[in-house]
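Have a look at the structure below before the remarks.
What follows draws every value from the coordinates through simple rules; no lab data is involved. A quick note: this is a predicted structure, and the numbers were derived from the prediction, not measured.
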Amino acid sequence: MHAHPIVHDACFVYIVSLAHLLNNPTDANRGQVAFDLAYKLAKSDMCKGLDTNYGEKLEWWLDEAKSWADSAK
């Protein structure tokens, strides 16, 4: 267990995304689908943890990752 709810959210989203990757080994687009799934989950009511020390949420981390990926294309 971790003291910060945002870590719980991150672990949950990571496991679901990883399960998608493992269960769809032949899907050429599985990485994008896994990220989209993670992004959707992070914005859902199931992931509303807030890091009270830094005022961050998992959805904001994924927003930043998406922004970096989009700018790298």
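Axis angle, to the nearest 10 degrees, between helix 58-72 and the longest C-alpha principal axis of the chain: 40 degrees. For the chain, the longest principal axis of the alpha carbon atoms and the long axis of helix 30-42 meet at an angle near 20°.
Taking only C-alpha pairs under 8 Å that are 6+ residues apart, what is the relative contact order of the stretch 5-72 in percent?
Computed value for the stretch 5-72: 37 percent relative contact order.
In this structure the amide hydrogen of residue 56, modeled in the peptide plane, comes within under 5 Å of the amide hydrogens of 51, none closer than 5 places in sequence on its chain.
The number of Lys pairs in the stretch 12-73 with C-alpha atoms less than 16 Å apart, excluding pairs fewer than 8 positions apart on the same chain, is 7.
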